[in-house]
Amino acid sequence: MIDYRYRIDNIANLYKIYDYDMFLYQLRERILDEQFREIFNEIRWTREIKKLGSPIPIELLNMLEILKERIIDYYIEYLKTNREVKEIKDPDLIIGLGCSNGLGFLDKRIEVLGDLVENFPKAKILLSGGGMGVLKTEAREMLEKLKKNYKVDEELVILEEDSLDTLGNIVFSKLLLKKMNMLNGIDKIIVVTSPFHVIRVHSLFSRVFPKKISFEIREHDYYLNKVDSNITTRKIIENEIKSLYRSDGIFNIVNLKEEKKNSFEVDETSIFYQMLLYQDLYKNRRDILRKYYVCLETYKI
């Protein structure tokens with residue numbers, strides 16, 4: 001049987017060090033993003049440990065739940081009052097991120113995309129999103145709806161249809177732009193997504209794309225205005241944080257392998273290989289490797 005005592009000690013020590021008001025203040029300043037996500041991972045572990053009958057003080061469990069709810073409250077308030085806006089008025093590229101359309105999210109993203117496409121008719125358009133076991137990828141569905149409802153120059157459209165999550169959206173979009181020899185000509189990008197998705201997109205985009213590129217994340221206002229802070233919102237926000245934690249794992253593997261190189265900067269090649277090795281959605285996907293190998297830099301796994 002697995003000994004979970006080390007995990008219990010880790011959980012206890014993690015929360016002993018925090019003054020929670022100070023923690024939330026620092027979080028507001030974006031100092032502790034990784035600890036923020038670590039908390040959610042540890043809460044998940046406390047649930048698993050509890051199921052196995054391991055002793056966890058009730059005070060600690062209560063503290064974790066209170067902290068979790070306070071962080072979700074903060075996250076909702078952040079999304080209502082803060083935006084990652086750089087006021088880009090003449091983008092070289094507009095990126096639309098796909099998603100399921102269960103709550104109307106994809107249709108709302110397409111509305112924002114449509115307005116941008118008509119306002120900036122010379123900008124290239126990259127639609128990103130695959131799908132598992134589907135007849136039509138998210139990227140292709142976005143294109144069809146844009147063509148039906150807006151004036152779109154199809155020659156400016158690029159489809160990225162391999163991604164199955166946000167990290168894939170961003171890594172494969174960059175690889176596709178490199179493969180098409182288009183990345184060097186791009187300085188300003190607008191990325192279209194949903195409000196609850198903004199922080200995850202901002203975090204991953206800023207870590208993968210070149211620092212010289214300015215980008216704005218443009219989102220529709222449907223989600224928080226219509227659903228607000230009820231249980232559906234809270235569940236989706238919790239899933240967003242967990243997804244970022246999983247993406248952090250890929251970046252941490254890359255950094256660990258290069259820890260002795262002080263000047264090392266995570267690039268899409270190293271991330272791509274780790275995704276093929278360790279991420280369940282892409283593990284051993286030789287078809288994707290064959291598709292992008294021509295634009296990968298030499299990297300020792």
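The values are calculated or read from the model by the stated rules, or taken from the named source; none is laboratory data. All values reported here derive from a predicted model rather than from experimental measurement. Cβ coordinates were reconstructed from backbone atoms using ideal geometry, including for glycine residues, and neighbour counts include every protein chain displayed. Ligands, DNA and RNA are excluded from the accessible area calculation, which covers all protein heavy atoms including side chains. Shrake-Rupley method; radii C 1.70, N 1.55, O 1.52, S 1.80 Å.
Cross-link pairs exceeding 30 Å between alpha carbons, from the set K147/K291; K136/K291; K108/K188; K122/K283: K122/K283. The gain in end-to-end length when the N119 to L156 segment is fully stretched comes to 11.9 nm, 0.36 nm per residue minus the alpha carbon separation. Our estimate of slack between N181 and L277, defined as 0.36 nm per intervening residue step minus the Cα-Cα distance, is 31.9 nm. Summing charges over all other residues whose Cβ lies under 14 Å from the Cβ of R290, with Lys and Arg as +1 and Asp and Glu as -1, gives +2.
Between L135 and S214, residue separation times 0.36 nm minus the direct Cα-Cα distance comes to 25.0 nm.
Ligands, DNA and RNA aside, H202 has an accessible area near 40 Å² when probed at 1.4 Å.
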